[in-house]
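A.B. asks: Pasting a structure below so you can have a look.
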Number of protein chains: 2
Amino acid sequence: MTEWHRLKKDALPANVTADDVAAAANVSRWTVNRAFKKDASISPKTREKVMQAANELGYLPDLRAAALASDRSHLVALLVDDFANPHKLVMLERLTRALRSRGWDTLLVNTLNRDDAAPAIANASQRRVDATILIGIQFDDEVLRAAHTARRFKKLIIFARTSENPDTISIAVDDEAATSEITQYVMERGYERPLYLAGPRTVSAHLKRKETFLALWQKHLNTTPESVSVPAYDANLAADAVTITLSERPKAELPDIIVCENDALALGTIDAIRHRLGLRVPNDIAVIGFDDVPQAESPNYRLTTYRQPLTDMANYLVDVLENVETSDLDRTFCGRLVVRDSA
Amino acid sequence: MTEWHRLKKDALPANVTADDVAAAANVSRWTVNRAFKKDASISPKTREKVMQAANELGYLPDLRAAALASDRSHLVALLVDDFANPHKLVMLERLTRALRSRGWDTLLVNTLNRDDAAPAIANASQRRVDATILIGIQFDDEVLRAAHTARRFKKLIIFARTSENPDTISIAVDDEAATSEITQYVMERGYERPLYLAGPRTVSAHLKRKETFLALWQKHLNTTPESVSVPAYDANLAADAVTITLSERPKAELPDIIVCENDALALGTIDAIRHRLGLRVPNDIAVIGFDDVPQAESPNYRLTTYRQPLTDMANYLVDVLENVETSDLDRTFCGRLVVRDSA
DNA sequence: AGTCATTTTGCACGCGCGTGCAACAAAAAA
DNA sequence: TTTTTTGTTGCACGCGCGTGCAAAATGACT
């Protein structure tokens, strides 16, 4: 505590600029900024001298001024419109870590209220972000349009979701390949009456999981499985939907597996099966998810699910940011099925 | 899709400045910026004229330049070092919403790796954030010191956690009052052998929950309850700790209630009681939490817990940001006990 | 029409750094 | 030593807006 006050009192003036450092180190201001710039043309001796003076004065370059002068902010806006899915927390962690480790900062923009989306995007563009990232949200055309028409718009990246929109860069797992792997697993394990539990359908960038699953099942077994949609990726809503759909149903007509569009739905489904329908997982009804959230490996879920390579995807995202090109940057990744006990 | 391309093609030049608008509206550049500034001295007619020209040109003020010139960025850094607790997602949502609704933007800084903390804080200070907010994290003295010595440091706010540090503003629930309410409830319901499950102990800003609970119990019943600490607020770690602590114990010596420092621990505890110890909640062992995360009301937890008034706290935080004062801004809030079925 | 109080508008200067080129110094080749 | 090559440093100008004050315009009141 005493140390605190010492530090506070000793604190150097807050407004140290490159000029001050330049004076102290006997060089020009430009040399000072060079010292802080990687790969700049400066001799090691001078850099050393400058850095020492900078340390003594407590100088660090002002990123606002740098952004203004260079027109590159090294800042991205991350739009999130869904805070109910714990997987978002994992994504935030991975993305912020990958970005920060390579010099990028993240503006977190809450677009949970659809009305907030357009103003929030406009605001981000006023900060002159170098890119706008939409993470796996249920954004619609309106949001995309707002993002696109915003001033100084540079890159619009859709993360963990595919979009066929040509003005957009999407970085996601290959839904068709993933769903195909899941479907094959379900068939091999001998499940016969699947129920597909999907999230909300969006226009601009929906997941191709449900369609792929239904199509594959139709193709191989010539029947179309039942499917149910939930208006949000929320475990409680999923539990409600499962309960309503199945509670009055005779045991013989129950599905033997519920394939969920993601883990949030899958976890709610397991809860409903156990606590509202009074059945067992996987014995009575199996469940399979998508994402591999941390809870999936909890001993009382042991959820079989598909894991996305989030770290790779996040790193690729930074590659995209640092790339000057604008086209053909879309890319899909492959994850893997993590088999546990729920299916 | 066609509309997209139209928009893209019609897009106005990205570098519209106030000068362009000024020329179009036949006023000076300063008048243009006045039109965008609330409470500025400008006549309604002129403002109208300017705004119309601005709309046509698609002009919005550049916040980088504004921040540089005014030395106020309306930007805060939000430091998070714990992405395992779903409650963080709720906090992020509440904070970003409150901030944005009043014109503030949020820089999300991941300090999960302790080594990243100091550089990340330095970086935020290079962006000249108006405040640094630590949200309920296990930050230690080192992080506080880094935040404090950073250049251009303005306000350091500790959210949802109390700190006795004088250079810090803390906005949190009153842990003592809350724990007192919880303790009273536990006693009234006739529980006799509580086990307190705590998270990691930190030096700078720890929760006063455990100490208060133990002290109150000691005071009223003259016995000190057993307590266990977990190295992180992680449901799986809590489940492990509970299992290790209780699995070999004769039934008569088991606690009749486990009081948890927060919901992340409580949820893990319930899982462990049910699935690893094979006991029932609350019949064999009751559980009580803290935070009221969304999952707490899920039908298969029905967790009795203490809800923090996050929205009020977030709004107060913005009040603090907009306040010029620096001292005596600390404040504690009162939440309420949400009684469900787990205790 | 003239005076004065009150808005409303214009402007010089500064915020701190990047860009690109010119000037300079140092090391390499002649 | 002189010339060339390479490496290093300095600088004019601009990025877009805020601050504070002075000039101009407006309106109220004789």
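The values are calculated or read from the model by the stated rules, or taken from the named source; none is laboratory data. Note that this is a predicted model, so its numbers are computed, not measured. Cβ coordinates were reconstructed from backbone atoms using ideal geometry, including for glycine residues, and neighbour counts include every protein chain displayed. Heads up: the accessible areas ignore ligands, DNA and RNA and are worked out on the full protein's heavy atoms, side chains in. Shrake-Rupley method; radii C 1.70, N 1.55, O 1.52, S 1.80 Å.
A.B. asks: A:Arg97: accessible area at probe 1.4 Å, nearest 10 Å²?
C.D. replies: 80
A.B. asks: Would you please give the FRET efficiency between A:Glu192 and A:Asp319, computed as 1/(1 + (r/R0)^6) with r the Cβ-Cβ distance and R0 = 56 Å, to the nearest 0.05? Don't jump to the answer; show the numbers that get you there.
C.D. replies: On the way: r = 44 Å, r/R0 = 0.78.
About 0.80, to the nearest 0.05.
A.B. asks: Moving on to the next point. Determine the share of the protein assembly as shown's accessible area contributed by carbon and sulfur atoms, expressed in whole percent, with a 1.4 angstrom probe. All intermediate terms of the calculation are to be shown ahead of the outcome.
C.D. replies: Working: 14320 of 29130 Å².
Taking all protein chains in place, the protein assembly as shown shows 49 percent carbon and sulfur surface.
A.B. asks: Next up: Given a 1.4 angstrom probe, what's the average accessible area per residue across the protein assembly as shown, in square angstrom?
C.D. replies: Values: 29130 Å² over 686 residues.
Accessible area per residue: 42 Å².
A.B. asks: Still on this structure: Kindly report, to the nearest 10 Å², the accessible surface of A:Ile270 as traced by a 1.4 Å probe over protein heavy atoms only.
C.D. replies: Ignoring ligands and nucleic acids, A:Ile270 comes out at about 0 Å².
A.B. asks: Nearest 5 percent is fine: what portion of the DSSP beta bridges confined to the protein assembly as shown is antiparallel?
C.D. replies: On the way: 7 of 75 bridges.
The antiparallel fraction comes to roughly 10 percent.
A.B. asks: What residue among A:Asn236, A:Ile158, A:Gly190 has its Cα farthest toward the positive end of the dipole of region A:148-263, where the charges are +1 on Lys, Arg and -1 on Asp, Glu, each on the Cβ?
C.D. replies: A:Ile158
A.B. asks: How big is the dipole moment of chain B about its Cα centre under a simple scheme where the beta carbon of each Lys and Arg is +1, that of each Asp and Glu is -1, and everything else is neutral? Debye, nearest 20, please.
C.D. replies: Once rounded to the nearest 20, the dipole reads 1160 debye.
A.B. asks: Using r as the Cβ-Cβ distance of A:Ser70 and A:Glu211, and R0 as 41 Å, what FRET efficiency do you calculate, to the nearest 0.05? Before the final figure, lay out each step's value.
C.D. replies: On the way: r = 45 Å, r/R0 = 1.09.
Rounded to the nearest 0.05, the efficiency is 0.40.
A.B. asks: Would you mind getting me the FRET efficiency between B:Thr332 and B:Leu279? Use the beta-carbon distance for r and R0 = 35 Å, nearest 0.05. Display every interim value, and only then the final one.
C.D. replies: Working: r = 36 Å, r/R0 = 1.04.
Between B:Thr332 and B:Leu279 the formula returns 0.45.
A.B. asks: Can you find, among B:Val293, B:Val339, B:Asn15, the residue farthest towards the positive end of the dipole of chain B? Put +1 on the C-beta of Lys and Arg, -1 on that of Asp and Glu.
C.D. replies: B:Asn15
A.B. asks: So what are chain A's ellipsoid semi-axes, whole angstrom, largest first, if each one is the square root of 5 times an eigenvalue of the alpha-carbon gyration tensor? All intermediate terms of the calculation are to be shown ahead of the outcome.
C.D. replies: Numbers: eigenvalues 494, 92, 64 Å².
For chain A, the ellipsoid semi-axes come out as 50, 21, 18 Å.
A.B. asks: Compute the label-point distances linking B:Ser227 to its equivalents in the other copies; points lie 7 Å from Cα along Cα→Cβ; give nm, one decimal, shortest first.
C.D. replies: Values, ascending and in nm: 5.3.
A.B. asks: Rounded, prolate or oblate: which fits region B:215-281, taking a ≥ b ≥ c as square roots of the Cα gyration tensor eigenvalues, rounded meaning a/c under 1.5, else prolate when a/b beats b/c?
C.D. replies: On the way: a/c = 2.05, a/b = 1.30, b/c = 1.58.
In terms of gyration-tensor shape, oblate.
A.B. asks: Could you list the residues of region A:240-277 with an amide nitrogen less than 14 Å from a label point located 7 Å from the Cα of A:Ser227 in the Cα-to-C-beta direction?
C.D. replies: A:259-262
A.B. asks: Now for a different question. Which one, B:Ala53, B:Leu107, A:Ala178, projects farthest toward the positive side of the charge dipole computed for the protein assembly as shown from Cβ point charges (K/R +1, D/E -1)?
C.D. replies: B:Ala53
A.B. asks: Just the number, please: buried accessible area between A and B, total of both chains, 1.4 angstrom probe, nearest 100 square angstrom. Walk me through the numbers on the way to the answer.
C.D. replies: On the way: alone 17990 and 18010 Å², together 29130 Å².
That pair of chains buries around 6900 Å² in total.
A.B. asks: Given charges of +1 on the Cβ of Lys and Arg and -1 on the Cβ of Asp and Glu, with all other atoms neutral, how large is the dipole of region A:41-140 about its Cα centre, in debye to the nearest 20? Don't jump to the answer; show the numbers that get you there.
C.D. replies: Details: 13 positive and 12 negative charges, 106 e Å.
Magnitude of the dipole: close to 500 debye.
A.B. asks: Turning to a different aspect of this structure: Mind grabbing the accessible area of B:Glu181 for me, 1.4 Å probe, Å², rounded to tens?
C.D. replies: So the heavy atoms of B:Glu181 present about 70 Å² to solvent.
A.B. asks: Quick check on the protein assembly as shown: take the gyration tensor over C-alpha atoms, sort the square-rooted eigenvalues as a ≥ b ≥ c, and tell me if it's rounded (a/c under 1.5), prolate or oblate. Write down the numbers at each step before the final one.
C.D. replies: Working: a/c = 1.98, a/b = 1.26, b/c = 1.57.
It comes out oblate by the Cα gyration axes.
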